Amino acid sequence: MIKLYYYPSYASMVPHMLIEEIGLDYELVFTDRYANAHKSEAFLRLNPNGLIPVFEEGDLVLYETAAICLHLVDRHPGACLAPAVGTADRAHFYKWLMWLATALHPALSMYLHPDKWASERSVVTQLKASAEAKVSDLLNVIDAELGKGGGPWLLGDAYSAVDPYALMLCRWSRGMPRPASSWPHVGPYARRILERPAIRRAFRQEYLAEPWI
Ligand SMILES: N[C@@H](CCC(=O)N[C@@H](CS)C(=O)NCC(=O)O)C(=O)O
């Protein structure tokens, strides 16, 4: 049985949405961030970084959202959540997964939690402003990609694991002066992903209040 250590709206949403899409049996393990459950000895044995999510299946204990995504798509090829290995589409799938994990995800984390990087108020303010500008630049990149006319998904015709990852990051931007949902192509794209039953189930299981993005 799969166990997914999660906290609502955290990066654990991505594997949660994928597991729902694939239709696996699993248990959601609530990890109370405010009680510092993710810094407990037991949790640190699973992920020494003290970060959510953690995915567990039998002897396999995995952290890092992108790694969990890749494992899920490999382990369940029938769900078709990534293009065939060795194809150009697969290469673009890797590119977007890494871009989400190493560019947009950290920029949004910096915007939402600048206080993790500095304590002096003026520095925190500056970090937040820089992160806001960076998020905007990055949203321009994904908006342009979606505007190239492919669609309806980030890789074109085929829905894949990068789509729920992008949706979660769009959601994280919802309190920003210019949220992702207001971009001409990203907004409709995120709303399309939200129409998928698996996505709606995951959002509801995390008790997330609407509007979701
Ligand atoms: N690179 C990690 C980042 C995970 C991460 O930053 N998780 C956040 C929630 S979105 C967390 O656990 N934060 C708690 C903390 O920083 O104490 C991944 O992709 O899984």
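The values are calculated or read from the model by the stated rules, or taken from the named source; none is laboratory data. Note that the coordinates shown come from a computational prediction; the quantities given were computed from them, not determined experimentally. Cβ placement follows ideal geometry from the backbone for every residue including glycine, while neighbour counts extend to all protein chains displayed.
Some points to look at:
- Residues satisfying the stated conditions in the stretch 81-110, i.e. away from the ligand (no atom under 16 Å from the Cβ) and touching a residue at least 60 places away in the same chain (Cβ under 8 Å): Leu81, Ala82, Pro83, Asp89, His92, Phe93
- Verdict on Pro114 being touching a Leu at 6+ places or on another chain (Cβ under 7 Å) and at pLDDT 95 or above: yes
- Selection over the stretch 128-176 of residues that are touching a Pro at 6+ places or on another chain (Cβ under 6 Å) and in contact (Cβ under 8 Å) with a residue 40 or more places away in the chain gives a count of 1.
- When Gly58, Gly78, Gly50 are checked against the criterion of being within 10 Å of the ligand (Cβ to nearest atom), surrounded by fewer than 20 Cβ atoms within 10 Å (Cβ to Cβ) and small (Gly, Ala, Ser), Gly50 stands alone in meeting it.
- Residue in the stretch 26-35 that is in a loop (DSSP other than H, G, I, E, B), over 24 Å from Gly156 (Cβ atoms) and either within 16 Å of the ligand (Cβ to nearest atom) or within 19 Å of the chain's Cα centre (by Cα) (or both) present: yes
- Inclusion of Ala131 among residues that are of a type in the set (A, V, I, L, M, F, W, C), part of a helix (DSSP H, G or I), surrounded by 14 or more Cβ atoms within 10 Å (Cβ to Cβ) and within 14 Å of the chain's Cα centre (by Cα) is not warranted.
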